[in-house]
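Below: one structure, written as structure tokens.
The values are calculated or read from the model by the stated rules, or taken from the named source; none is laboratory data. Keep in mind that this is a model prediction, so the values were computed, not measured. In this analysis, Cβ positions are derived from the backbone assuming ideal geometry, glycine residues included, and neighbour counts consider all displayed protein chains. Ligands, DNA and RNA are excluded from the accessible area calculation, which covers all protein heavy atoms including side chains. Shrake-Rupley method; radii C 1.70, N 1.55, O 1.52, S 1.80 Å.
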Amino acid sequence: MDNASYKNAIHRFVMDGEPVSCELYGCGHINHTFLLTTDTGRRYILQMVNGSVFQDPDGLMENVVAITRHIASKCSDPRCSLRLNPTVDGKLYTRGDKGNMWRLYDYVENSICLQAPETPEDFYQSAIAFGTFQQQLADFPAETLHETIPNFHNTPDRYRKFREALAADKCSRAKDVQPEIDFVLAREEEAGALQRMRESGELPTRVTHNDTKLNNVMLDADTRKALCVIDLDTVMPGLAAYDFGDSIRFGAATAAEDEQDLSKMEMSLEAYETFTRGFLTACPGLTDLEKKTLPLGAKLMTLECGVRFLTDYLEGDVYFAIHRPGHNLDRARTQFKLVADMEKKWDDMAAITERLSRGE
Ligand code: ADP
Ligand code: GN1
Ligand code: MG
């Protein structure tokens with residue numbers, strides 16, 4: 001991205017003081033995030049939201065406003081919910097080029113954001129954050145939310161897109177990834193299990209975050225307790241198992257999402273237990289079936305994410321930002337390694353979930 005685009009965007013927002021620095025920030029795969037500092041010492045998060053991924057900026061920002069207001073009305077610390085700053089003409093965002101849009105949040109001060117838990121307590125706190133988020137939104141009218149990315153966690157639909165990419169094989173890469181393709185196809189039937197339970201109404205639709213990576217949670221820098229959940233672009237109606245599952249996929253993994261040495265990648269049962277305990281504590285209203293499907297959420301969110309990385313690899317890396325050749329393939333491989341490890345540990349995952357669901 002050229003400098004001109006963020007420089008143009010900065011001056012369209014109301015802020016305290018004059019900007020003195022603006023630097024790329026964070027590790028997101030989709031948007032571009034900048035830490036903006038002004039001469040008064042105020043800090044902001046300036047973001048360019050990817051317009052080819054998020055095609056309805058008005059709907060997306062309406063969701064963000066409604067959700068952040070709802071959460072802010074339920075807590076006293078101003079840092080418990082993201083705060084938007086308007087443009088000079090009173091809008092929530094400003095348009096950039098190529099359909100992208102820019103917005104400005106207050107920086108959540110005196111907070112930390114982690115790429116991996118440093119202690120079990122950090123991961124427990126992220127469970128409290130995401131569980132609390134879901135609990136705070138339990139009385140929010142989910143049907144009023146815009147679906148910012150249709151079929152986001154519809155795993156059978158992700159398989160359909162994978163099959164299309166495979167059939168097209170635009171970059172002639174399929175020949176190099178036959179074991180990964182076989183791994184995906186062997187699990188197609190079970191991959192649809194959550195979607196079937198959602199469609200049959202067995203599982204309730206809730207307001208969910210849908211991108212519950214550890215780096216989408218802020219912890220208080222002093223107390224290291226959960227402060228708030230960020231990255232609200234994918235908040236949509238969904239299943240509790242999606243948020244639980246995606247957190248396990250990322251935070252209970254023993255290596256980074258793009259680790260090349262697969263021998264380092266496992267799902268930690270201790271971390272699984274820690275997160276489950278926090279999530280069930282913060283979100284006590286889950287039905288028995290919702291609790292029972294939490295391990296399935298972990299497995300299917302991980303499988304689905306791997307399918308998405310592999311699809312993007314086959315399509316020539318057009319969706320997720322990559323920083324080296326084969327990056328999406330490396331990411332897909334870690335996810336499949338995690339799925340295989342969860343399959344080995346399945347009985348333990350189910351037993352832990354059952355025991356904690358009984359409150360033991
Ligand atoms: P992406 O969609 O690209 O993941 P995020 O909204 O998650 O974008 O922002 C990327 C990173 O920027 C986060 O992981 C976090 O470290 C930091 N960040 C985002 N918003 C804030 C905020 N309001 N205050 C402090 N840090 C933030
Ligand atoms: C993307 O934007 P970011 O980096 O928080 C993706 C998630 C994936 C994740 C994998 C809108 O999240 O769905 O799980 O990468 N977000 C979108 O790391 O597709
Ligand atoms: Mg993020």
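What about residue 278, is it of a type in the set (Gly, Ala, Ser), open to solvent by 10 Å² or more (accessible area, probe 1.4 Å) and in the same structural domain as residue 152 (by TED's automatic domain parsing)?
no
Residue check: is residue 246 under 24 Å from residue 291 (Cα atoms) and within 16 Å of ligand 3 (Cβ to nearest atom)?
The answer is yes for residue 246.
Name the pairs whose Cβ atoms lie under 7 Å apart, with the first residue in the range 27-51 and charged (D, E, K, R), the second more than 9 Å from ligand 1 (Cβ to nearest atom) and open to solvent by 50 Å² or more (accessible area, probe 1.4 Å), and 6 or more positions between them or separate chains?
What qualifies is 39/18; 39/20; 42/16.
Since residue 70 meets every condition but one in (1) assigned to a helix (DSSP H, G or I); (2) in contact with a helix residue (DSSP H, G or I) (Cβ under 9 Å, 6 or more places away or on another chain); (3) within 16 Å of ligand 2 (Cβ to nearest atom); (4) not hydroxyl-bearing (Ser, Thr, Tyr), which condition does it not meet?
(3)
Give the range 25-56 a look and list any residue that's away from ligand 3 (no atom under 16 Å from the Cβ), surrounded by 20 or more Cβ atoms within 10 Å (Cβ to Cβ) and either aromatic (Phe, Trp, Tyr) or within 13 Å of residue 95 (Cα to Cα) (or both), or say none.
Within the range 25-56, 44 is the sole residue that qualifies.
Find all pairs meeting these conditions: Cβ atoms under 7 angstrom apart; at least six residues apart or on different chains; first residue within the range 263-278 and in contact (Cβ under 8 Å) with a residue 60 or more places away in the chain and within 16 Å of residue 297 (Cα to Cα); second residue of a type in the set (D, E, K, R) and in a helix (DSSP H, G or I).
267/341; 269/348
Pick out the one residue from 222, 246 that is within 16 Å of the chain's Cα centre (by Cα) and within 16 Å of ligand 1 (Cβ to nearest atom).
The conditions single out 246.
Going by what's in this entry, would residue 73 be described as out of contact with any strand residue (DSSP E or B) (no Cβ under 7 Å at 6 or more places or on another chain), open to solvent by 80 Å² or more (accessible area, probe 1.4 Å) and within 16 Å of ligand 1 (Cβ to nearest atom)? Write out each step before concluding.
Details: out of contact with any strand residue (DSSP E or B) (no Cβ under 7 Å at 6 or more places or on another chain): yes; open to solvent by 80 Å² or more (accessible area, probe 1.4 Å): yes; within 16 Å of ligand 1 (Cβ to nearest atom): no.
It is false that residue 73 is out of contact with any strand residue (DSSP E or B) (no Cβ under 7 Å at 6 or more places or on another chain), open to solvent by 80 Å² or more (accessible area, probe 1.4 Å) and within 16 Å of ligand 1 (Cβ to nearest atom).
Among all residue pairs at least 6 apart or on different chains, which show Cβ distances below 8 Å where the first residue, located in the range 210-228, is touching a residue at least 60 places away in the same chain (Cβ under 8 Å) and part of a loop (DSSP other than H, G, I, E, B) and the second is open to solvent by 20 Å² or more (accessible area, probe 1.4 Å) and more than 16 Å from ligand 3 (Cβ to nearest atom)?
Final answer for the pair search is 221/110; 222/110; 224/121; 225/128.
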